[in-house]
1. Based on what the data block shows, is residue B:83 assigned to a helix (DSSP H, G or I), closer than 22 Å to residue A:52 by Cα and in contact (Cβ under 8 Å) with a residue 12 or more places away in the chain?
2. Residues that are surrounded by 17 or more Cβ atoms within 10 Å (Cβ to Cβ), away from chain A (no Cβ under 11 Å) and farther than 19 Å from residue A:56 by Cβ: does the stretch B:73-85 have at least one?
3. Go over the candidates B:136, B:176 one by one and state the one that is closer than 29 Å to residue B:233 by Cα, surrounded by fewer than 20 Cβ atoms within 10 Å (Cβ to Cβ), under 24 Å from the mean Cα position of the chain (by Cα) and within 14 Å of chain A (Cβ to nearest Cβ).
4. Restricting the stretch B:239-283 to residues that are under 13 Å from the mean Cα position of the chain (by Cα) and away from chain A (no Cβ under 12 Å), which is farthest from residue B:78 (Cα to Cα)?
5. Can you find a residue that is more than 15 Å from residue B:75 (Cβ to Cβ), within 14 Å of chain A (Cβ to nearest Cβ), assigned to a loop (DSSP other than H, G, I, E, B) and touching a strand residue (DSSP E or B) at 6+ places or on another chain (Cβ under 8 Å) anywhere in the stretch B:25-36?
6. Hey, any hits in the stretch B:41-56 for a residue that's free of Cβ contacts under 8 Å to residues at least 40 places away in the same chain, within 14 Å of chain A (Cβ to nearest Cβ), farther than 27 Å from residue B:221 by Cα and crowded, with 16+ Cβ neighbours inside 10 Å?
7. Residues of the stretch B:59-72 being surrounded by fewer than 24 Cβ atoms within 10 Å (Cβ to Cβ) and within 14 Å of chain A (Cβ to nearest Cβ), which ones?
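The values are calculated or read from the model by the stated rules, or taken from the named source; none is laboratory data. All figures in this text were calculated on a predicted structure; none of them were measured in a lab. Note that we place each Cβ from the backbone using ideal geometry, even for glycine, and neighbour counts take in every protein chain shown.
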């Protein structure tokens, strides 16, 4: 399976075996936070911005 | 067969752990991604028996909870409970009403009123946004000049929400506070959140570390009384401080994070939550 590509730096994004759609991961090359959009085929996009009402 | 779902904004580590525990127990969680929701106010069809709300967004979680509850679904935590826990002023008010020890807290809406309120609390004083988490925009204000600065910034560059001044006495805690986890009517475990050296903020999201905290009868009683004040019957992270006169409760979290608390406590927190969710679905 091909790897995903970081939309910021075009770096290669390798998914861990238990990666899920909706998960936030970081690009190992540039550190950009990314949201997993699809596992197969692997696709990511920039993660949503943390809003002021986000939290626990 | 119970129809259950988890509502989320993003798949956090907690949400993955909850999903994995559900699978282990042979339960099935549908995943509801908030980003894809379109809530029709005229629709009341019940699709789920129970939904575990794990929204990262307070407002989205609140609207979704109202929608699904109106459809007859049990939402954990309930709309009413989320509304109280997600707003620090409402939480403080509920705690005070229930006579749960909580730091002295005042709300003011104008700079003049803020200065008068702080005169009664004394310095240092803590200013927090009413809505928000992870210690964001939290300020410990040590003197009049600092207060003037913070108020002016909020008035000039803030939105309406920043002009709601939630002011709290500063509690001189011993470099740590307590996060206790309540599931239903059980206090399943607790951690000390130890501040980084030189920091006054203890949140683990801000570099604080987690250590096991024994659940004493005093802690248990105060936690159960606290969650009852905000609706009970759910999953909560209760934040307490140790003072010379005993424990005091300052916040209650309705979508508590727990990723850093499993190891120090030795308690499988997501398993306890999943069991509770399924138990509630059958009630």
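1. Working: assigned to a helix (DSSP H, G or I): yes; closer than 22 Å to residue A:52 by Cα: yes; in contact (Cβ under 8 Å) with a residue 12 or more places away in the chain: yes.
Yes.
2. From the stretch B:73-85, those surrounded by 17 or more Cβ atoms within 10 Å (Cβ to Cβ) are B:73-79, B:81-85; that's our starting set.
From what is left, the residues that are away from chain A (no Cβ under 11 Å) are B:73-79, B:81-84.
Add one more test, that the residue is farther than 19 Å from residue A:56 by Cβ, and what stays is B:73-74.
Yes - at least one qualifying residue is present in the stretch B:73-85.
3. On inspection, the qualifying residue turns out to be B:136.
4. Here is the first cut: in the stretch B:239-283, the ones under 13 Å from the mean Cα position of the chain (by Cα) are B:239-240, B:249-258.
Now drop any that are not away from chain A (no Cβ under 12 Å), which leaves B:240, B:249-250.
On the way: B:240: 22, B:249: 21, B:250: 21 Å.
Residue satisfying both the conditions and the ranking: B:240.
5. no
6. Taking the stretch B:41-56 as the starting set, the residues that turn out to be free of Cβ contacts under 8 Å to residues at least 40 places away in the same chain are B:41-46.
Restricting the remaining residues to those that are within 14 Å of chain A (Cβ to nearest Cβ) gives none.
So far as the stretch B:41-56 goes, no, none of its residues is free of Cβ contacts under 8 Å to residues at least 40 places away in the same chain, within 14 Å of chain A (Cβ to nearest Cβ), farther than 27 Å from residue B:221 by Cα and crowded, with 16+ Cβ neighbours inside 10 Å.
7. Passing the criteria: B:59, B:60, B:62, B:63, B:64.
Yes or no, residue by residue, for (1) under 20 Å from residue B:19 (Cα atoms); (2) away from chain B (no Cβ under 11 Å):
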{"residue": "A:6", "(1), (2)": "no, yes"}
{"residue": "A:15", "(1), (2)": "yes, yes"}
{"residue": "A:19", "(1), (2)": "yes, no"}
{"residue": "A:28", "(1), (2)": "no, yes"}
{"residue": "A:32", "(1), (2)": "no, yes"}
{"residue": "A:35", "(1), (2)": "yes, no"}
{"residue": "A:48", "(1), (2)": "no, no"}
{"residue": "A:52", "(1), (2)": "no, no"}
{"residue": "A:55", "(1), (2)": "yes, no"}
